[in-house]
């Protein structure tokens, strides 16, 4: 993830979804045929990696909340940052999912 400069604690932006997708498919490159489907860094691999990352962030936020509640951690600010980071990542993933569904529905509406 890309840390935001100027903020300690390394808040990461969930825009790596786009970075990973551009690395897998090539930024601005249009694939024709099946050349892009057999590559090891395909869309499915990027999607799986990003979903795993999202799950790890959610688990980390849950653990940070539990640590705060049990008194193992006293840093409220760091706990809140982890929770908000996980929240923003989940919102971004939800919006990406919505756009993918919208694009799929648009393709289904196309007339041949």
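Every read-out reported here was derived from the displayed coordinates using simple, explicitly stated rules and does not represent laboratory data. Please read all numbers here as calculations on a predicted model, not as lab measurements. Neighbour counts are summed over all protein chains in view; Cβ atoms, including those assigned to glycine, are modelled from backbone coordinates with ideal geometry.
What to note about this one:
- With the biggest extent put first, the Cα atoms of the stretch 40-112 measure 62, 27, 14 Å across the principal axes.
- Taking other Cβ atoms within 10 Å as a rough exposure proxy, 99, 50 sort from fewest to most as 99, 50.
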